[in-house]
Amino acid sequence: MREELKCRDFDLYRATYCGLCRTMRRRCGIMAPMVLNFDFTFLAVMLAPEKGEQLTYCHRCHIWPRRRCMCCQSPALELAADESVILAYWQLRDKVQDETFLGGLGHRFFALMLRSAYRRAAARLPSFTEAVTRQLSALHGLEQENCTSLDRAADTFAVLLRSAVPCSQDEAKDRAMGQLLYHLGRWIYLLDARDDLEEDRTKGNYNPILLRYGQQPCDEQLSLTLDNSLSLMRAACGLLDFGRQTQLIENVLYLGLPLVQRAVFDGSWKQLKKQKIWRNKI
Amino acid sequence: MNDPYSVLGVDPGASDDEIKKAYRELARKYHPDNYQNNPLADLAEEKMKAVNEAYDAIQKQRQGGGSSGQSGSYRPQGGYSAQSSNPTFARIRSVISAGDLAQAERLLNEVSDHSAEWYFLRGTVAYRKGWLDEAMQNYQIACQMDPNNMEYRQALAMMQRGGAGFTPYGYSSDLSDCCTTYLCLRCLCPLDGGLCC
């Protein structure tokens, strides 16, 4: 929630976003920033080192050359940039597989454009690439067998997101970070499924929520299980030291995610999502 | 040991009240109730211990280093550990608290007698794995089979509240606070200008 952020934190978020865009372009080519999104900006914020001055610089935006913006630069951004490209590429491929030849043409085209960016990123992060392909094919398998378990379906994406953070030397930190990311992944997957619920119902696509609850109303139980995931994320966050990023991350966990959750459940998310974040008035 | 002031996140020149306030906030944060059944409960316990030690150390220093005095710090009573009369379940409980969920699951699958405790333990394993929907279902069955068991009821009630948790200062649903922050932000930041990217 932007209104609740201090200027300092908002600047940090914006600099991370712009920095991620620029890092993607530099490392993976001009097509890469196309897939830039806020989920990975948040990941970059979480990965950033807690201490020390962050290197920032001023540059002109590629998309809007009249604007100048501050950018962060750090190894965490490089990691987040590569991971975004890998994940976006495989998600596109996955969509291509699900659709008919003609319906999938758009996605096929995007995937083709992203291919060289993906190759570069995948060469640098073989283990993450392996985890993404493994988890997405597990998800594909569950979709084929019409898996009725919310937890099993969400587990695939949750494990995928957990593998986005490399191991450090500190076991306690890794465990807490693992729990935070696992439940973030679970939350994203289930909320996304809830968002697509009506569409999947009419089109007859796979949706774990549809199979789990059938025609019964499910919102109360579903929001409860999502709240439990949020609680586990917050508990894990309390054990981690994010230094300068703490306020920003707490804002997302305590205000941002619950806001999105409410909006998805009452149907206002589809409008909310289209607003531009830098100028929106939520 | 680390500097006790940095453990509490306060300046060495802070007043006694400030220290007490910082200590209380941290003690509230790492309170075992917030980590009930949480796989990270042991880490929270360590943090709690460090915070208690830091607070005691500062108290001692400020009282002139002499008598240990009575410590004002909060001491948790130690998590409850329910005992199981059934040796298999007792073993499964110890495997779960050691964190070996795969082994606990294997052992549970070998049990043919599906009692209330079996469902409860299955719920606990699912909860620790992060499979919260299954955890809830199993806890519900356990409570239906044995409605008087406090342990099962506590676990289910915690999930029905949306999980245990602590809200840091400033994130409560206090609306007046949001508004003031919002107004301040609008005054201070020229966010609507062409500066934004």
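The values are calculated or read from the model by the stated rules, or taken from the named source; none is laboratory data. Source: prediction; values computed, not measured. For neighbour counting, all protein chains shown are included, and Cβ atoms are generated from backbone atoms with ideal geometry for every residue, glycine included.
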| In the stretch B:28-47, what residues are under 18 Å from B:LEU8 (Cα atoms), free of Cβ contacts under 8 Å to residues at least 40 places away in the same chain and either among the polar types (S, T, N, Q) or at the interface with another protein chain (Cβ under 9 Å from one of its Cβ atoms) (or both)? | B:TYR30, B:LEU43, B:ALA44, B:GLU46, B:LYS47
| Enumeration of residues in the stretch A:172-200 that are touching a Lys or Arg at 6+ places or on another chain (Cβ under 6 Å) and either over 24 Å from A:LEU239 (Cβ atoms) or crowded, with 24+ Cβ neighbours inside 10 Å (or both) | A:TYR182
| request: Look at A:SER137 and say whether it is part of a helix (DSSP H, G or I), at pLDDT below 85 and not aromatic (Phe, Trp, Tyr). | output: no
| query | Restricted to the stretch B:141-181, and to residues that are within 25 Å of B:ARG24 (Cα to Cα) and in a helix (DSSP H, G or I), which residue is modelled with the highest pLDDT? | reply | B:MET158
| request: Answer yes or no: is there a residue in the stretch A:248-263 that is of a type in the set (Phe, Trp, Tyr), within 12 Å of chain B (Cβ to nearest Cβ) and not in a loop (DSSP other than H, G, I, E, B). | output: yes
| message | I'd like the full set of residues that are crowded, with 19+ Cβ neighbours inside 10 Å and within 11 Å of chain A (Cβ to nearest Cβ), limited to the stretch B:1-27. | response | B:LEU26
| query | Looking at the stretch B:110-141, which of its residues are surrounded by 19 or more Cβ atoms within 10 Å (Cβ to Cβ) and among the acidic types (Asp, Glu)? | reply | B:GLU117, B:ASP133, B:GLU134
| query | Does the stretch A:204-219 contain any residue that is at pLDDT 80 or above and under 20 Å from A:PHE42 (Cα atoms)? | reply | no
